[in-house]
Each structure stands twice: as structure tokens, then as C-alpha cells.
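Here the structure comes first, spelled out in C-alpha cells, and everything after it is commentary.
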């Protein structure tokens, strides 16, 4: 099978969607299929071997210029190569191109207009390039913000289109009105152009079905997954101090402030063993004051020496980081549909403590690698973490459950198999419709 998979770069940061798209493409390739993983906006950044194409469509510089300077909507394609080049996009990623939804309202609406928007030329470039690709069987768009591509790709390639839903509602919620309402209306308008939607969790699938007005028969749930092969299970030595870990973007919605407050509560219990709070993850410029405030609070509580922010970690650094932990938590304040870091912690044998939000209820009901606590409650989080710090047998049992559960339910090979089954279903349906039309 030959698959066109369109993935969106995230302006130079490790992004859960980029990691998932790349891992899925890699697993599909390993099973003998051909995957054309095509980045849009910026090159993708992954912590495993990157299998995406070097060429980037809808280059972030081009779409910005076309949005705000009309002359660039008519420039020759050969000239556009100057600012579409991967080296320039990498250079400006995280600087001129920001993934902050509050700054991107007009641009989001324009791209969702598709061939009626200011970025029409970018669609024409993509279609021109793809016409030389023979034998494509299916088109996969990595999120609903790319849904404007569904109709032109379907018309040109004559192949079914599916769209993954993996957290873009958080981006949409960050848009100011009237842009949020306009963006949602445009997505809903284009649902009919998509043959299948793939949600990364059951609850999220139900939510997005209602939000976008997706016919239930078009919704399919394929749980997200990781490649657990190189996650070496940690040694259960529990040497002091015990380490509580956090690995995610450093942003208010990811809840590091909730974890810091829970740590303060834990440290008031003199019966607990010595502990440390270890954090790592991408820090955007707009969230530096947020981290600075947390550091100031930890200092005022007398725990400055017990908190360490490790910055952004590559894959080797991430694997080493996770193996040093005794408990893991990313206490998000919203219904997170993904939770990849939680799967990675469990694959390493680290028990987790998570709020009963979003994907975590499903993940922990299947993999049983941790404890669910009350959302947005430092007190409840502190109680859950405290149980694992003081009950070594419980922590060991949950850690082992997580190792086995991730490999059984959340391996990328399993996700690839389920995705292929959907592709084959879409392909068979497409051939049957074509046969009926030919007979008619």
C-alpha cells in the first residue's frame, strides 16, 4: 500500500503530534508499506529517526507573507523556493513562526478556506508536485486544521481521505472570536469531504463528533501509541532522594504549577522520605515568566535546591531521565486526548499519578500503571504521589502493570495494524463506489 501522510511541523519544538505521526509512518514502513510523510508549515522535529520528506509545503514564511502582503500571492513559484527552503524554515522556527493560537486567528481562518483563501497558491504547488506520484492508495491528514486539503487532494488523486483528531481543539480554544467561531464553521463545512476521522481515544472521539458535527459512522477510534522497544525498564532500587518527575511542555495547561503546589504539601509531611522534583520539556518564550514564577515560589517555600528544570531532552536524554524517576505526573488542567509522556513513563516502569481527565481514564483503565486523582487539586495529587512514595510494593506493582499494559495495548505496531485495517476498508469502499459508477 502507498500512503500519503500530511503532517504539520510545530515550529521547532518536540510536538506529540509530530512524534506520533513519525512513529506511525515508521511502523507502517516496517510492515512493508510505502509512506510519503509530507510536512507542512515547518520541518518536523522528532526524537526518533525522521522519515518525513525534506520538502516542506505551505512553508510558514510563505503562508505568512501571502496572508499579509498581497504581492506574495502572485509571486513565481521559483522565487518562493527562497523562503520555502528547509534551512530557512528551520532558522525561523520558534522565532518568526509561532504556534501560539492567539496570534494566528486570521491565518488559521484563511488556510481553512482552502482554495478560497490567501494560500491558494500553496495548494496548487502541492497538487502539482503530487501529480508525479503514482499509485497512491489513501491520503491521511494529521489533524482537522488541514481539512481544507481534503477536497482538492481527493479530486486530484481520486483516493479516499482520512483525518486524525489529536488535540487541535486546544488550539481552536486559544483563538479569539470571531476567528474561533469562523474556524469551527469552516471545519464543519468540510466534514463531508472526509471519508473517515480517526480519534486517538474513545472519549475524545465522542467529543469531536459533537463539536464538529461528524456523522458517527465516519468516526473511528485508534488509540495513540509509542514504540516501547528502547524504553529500558528502570531498576527498582528506590535510592534516596526519591524523584518525582514531569515531562511535557512547560505551560499552564500542562499543570506544572499544580505539581509544584502538591510538592509543597508533600514536604509538610515529615514522615515522607527525602524527595526531589525533576521537570523537563519544551519552554516557549511566552511561558518563560510562568517558569520563573514557579522557580520563585519554590525558592520562597525553601525548596529551591530540590527542584531542577532539565530543559528540552533528546531521545537519549528522555530515556535516561525517565529511568531515574520513582513517580511521574503531568497534572494537566484540561481534557488532554493524548498523554504520550504518560505512556513513555509507564513503558519505563515508572508508576504515574494523573488527574481523571481526557485520555488518562482510558489509559489507566487498560494499562493499570498508576493512580487517578481529582483534577486541578494539589491536595489530591499530593495524596496520590504520597501513597506511591511510601508504599514501595504498590509502586512496584503499578510500575510492572504499566510496562505490560503499554506493550499490550499501546504499541505503535498495534496502532499501525489498526490504521492499515481502516485504510483497507476505505480502499475497498472507494473501489466499490467506482465500480458502481462505471456500471451505471
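The values are calculated or read from the model by the stated rules, or taken from the named source; none is laboratory data. Everything numeric in this text was worked out from a predicted model, so none of it was measured. Please note: Cβ atoms are built from the backbone with ideal geometry, for glycine as well, and neighbour counts cover all protein chains shown.
For this structure, a couple of remarks:
- Residue tally, condition touching a strand residue (DSSP E or B) at 6+ places or on another chain (Cβ under 8 Å) and part of a loop (DSSP other than H, G, I, E, B), over the stretch 14-44: 5
- Filtered residue count, the stretch 358-374, keeping only those that are surrounded by fewer than 22 Cβ atoms within 10 Å (Cβ to Cβ), under 21 Å from the mean Cα position of the chain (by Cα) and in a loop (DSSP other than H, G, I, E, B): 0
- For the stretch 240-256, a residue qualifies if it is surrounded by fewer than 19 Cβ atoms within 10 Å (Cβ to Cβ) and part of a helix (DSSP H, G or I), and the qualifying residues are 252, 253.
- Test: residue 16 is in contact (Cβ under 8 Å) with a residue 40 or more places away in the chain and surrounded by 21 or more Cβ atoms within 10 Å (Cβ to Cβ): no
- Filter pass, residue 133 being at pLDDT below 95, crowded, with 21+ Cβ neighbours inside 10 Å and in contact with a strand residue (DSSP E or B) (Cβ under 7 Å, 6 or more places away or on another chain): no
- Flag if residue 286 is farther than 30 Å from residue 49 by Cβ, in contact (Cβ under 8 Å) with a residue 60 or more places away in the chain and either surrounded by 16 or more Cβ atoms within 10 Å (Cβ to Cβ) or more than 20 Å from the chain's Cα centre (by Cα) (or both): no
- Yes/no for residue 333 being under 24 Å from residue 164 (Cα atoms) and in contact with a helix residue (DSSP H, G or I) (Cβ under 7 Å, 6 or more places away or on another chain): yes
- Selection count, the stretch 138-171, where residues are touching a residue at least 40 places away in the same chain (Cβ under 8 Å), touching a helix residue (DSSP H, G or I) at 6+ places or on another chain (Cβ under 6 Å) and part of a helix (DSSP H, G or I): 7
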